[in-house]
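Reading through the structure tokens given below for one structure.
We did not get these values from a lab; they are worked out from the coordinates using the rules stated. Just so you know, these numbers come straight off a predicted model, no measurement behind them. Positions of Cβ are generated from backbone atoms using ideal geometry, with glycine treated the same way; all protein chains shown enter the neighbour counts.
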Amino acid sequence: MSNNRIMKIVFLSLILGMAFNVSAQNENTLNWNNLDSNEQKMLGKFKEGWADIPEQRKKRILKGAKRWQTMTPEQKQQAKKRMQRWRKMTPEQRQRIRKRYERFRALPESEKHRIRQQRQWFKNLPPERRKKLRNRWNNMTAEQRDSFRQRIKERRKQWKQMPQHKREKIKQQRREVRQRWKNMSPAERRSARDNIRQRRDLFRQQRQERIQR
């Protein structure tokens, strides 16, 4: 899964999750008089024009209001910030996000599950790490992004072609690495990051030297 796809899906789901993840309901239940007292209280500002609102929008409003009631203060604050960003977008930007979401909805359930896992992985990252990933992607040129996507596609293809027992072995190794990381102290994690950074810089230097020869 590419960072590009992760970023798009993460952002998309955060912006549009409340708006589109609605369950099917009987249209008659969305008449104002058929809403229960709690729903009418939540949607009080829509009462006067409720009958003129399209049914699909009613569903989105009702679903969003119910979800809002279950949010923590921190989640509500994050939602407000996301809506502020949404309002600042151009119609073209909003349309692109809607189209991406429609493509997501058309994916097989297994692919959706994988994307949701990646979204959760991204949300669990420290804020500074998430910011660094965003900045890294935003600073890439179009050519660098295309190259990155291609590398990810090749790796996914190799993963799919890999025998099952090898994939299970790699998964187990990853679980062990994550567990070791959780057991590290902050100082040990900083040291590990420094070692990784040094190795990465050395690898890049050696690769550049080979290219120049």
Open item on the list: From the convex hull of the Cα coordinates of the chain, what is the mean projected area in square nanometres?
Closed with: 17.4 nm²
- [ ] Compute the acute angle (0 to 90°) between the alpha-carbon long axis of helix 142-161 and the principal axis of greatest extent of the alpha-carbon atoms of the chain; round to the nearest 10°.
- [x] 80 degrees
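Just subtract the alpha-carbon distance of ARG197 and SER110 from 0.36 nm times their residue separation and send over the number in nm, one decimal.
Details: separation 87, 0.36 × 87 = 31.32 nm, distance 3.41 nm.
In short, 27.9 nm is gained.
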Task: Proximal lysines relative to LYS58, as straight alpha-carbon distance under 18 Å, when same-chain residues fewer than 8 apart are discounted - done: LYS41, LYS45, LYS47, LYS66
TODO: Taking only Cα atoms and a 10 Å spring cutoff, compute GNM fluctuations for the chain and point out the largest among ARG151, ARG167, ARG199.
DONE: ARG199
Open item on the list: I'd like the orientation of helix 91-105 relative to the chain: the angle between its Cα long axis and the longest Cα principal axis, in ° from 0 to 90, rounded to 10.
Closed with: 80 degrees
Open item on the list: Suppose only helical runs count, i.e. DSSP H with n ≥ 4. What mean residue ellipticity at 222 nm does that imply for the chain under -39500 (n - 2.57) per run, divided by all residues and rounded to the nearest 500 deg cm²/dmol?
Closed with: -26000 deg cm²/dmol
Task: Debye, to nearest 20: dipole size of the chain, +1 on Lys, Arg Cβ, -1 on Asp, Glu Cβ - done: 1160 debye
Open item on the list: What does the extension gain come out to for GLN179 and ARG210, with contour length at 0.36 nm per residue minus their alpha carbon separation?
Closed with: 7.5 nm
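Kindly identify region 168-213 as rounded, prolate or oblate by the Cα gyration tensor criterion: order the square roots of the eigenvalues as a ≥ b ≥ c, call it rounded if a/c is under 1.5, otherwise compare a/b with b/c, prolate if a/b is larger, else oblate. Mind showing how you got there, number by number?
Working: a/c = 8.02, a/b = 1.71, b/c = 4.70.
Oblate shape, in that a/c is at least 1.5 and b/c is the bigger or equal ratio.
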- [ ] Please give the contour-minus-distance gain from TRP68 to ARG98: 0.36 nm per residue of separation, less the Cα-Cα distance, rounded to one decimal in nm.
- [x] 8.7 nm
Open item on the list: Could you compute the net charge surrounding SER147? Neighbours are other residues with a C-beta less than 14 Å from the C-beta of SER147; K and R count +1, D and E count -1.
Closed with: +3
TODO: Mind telling me which of LYS63, LYS182, LYS41 comes out most flexible in a GNM of the chain, alpha-carbon contacts under 10 Å?
DONE: LYS182
Task: Estimated distance in nm for a label pair at GLU55 and ARG156, the labels positioned 7 Å out from Cα along Cα-to-Cβ - done: 3.6 nm
- [ ] Give me the distance between the Cα centres of region 26-84 and region 166-201, rounded to whole Å.
- [x] 44 Å
Task: Highest-fluctuation residue, ASP146, ASP52, ASP201 considered, GNM on the chain with Cα pairs under 10 Å - done: ASP201
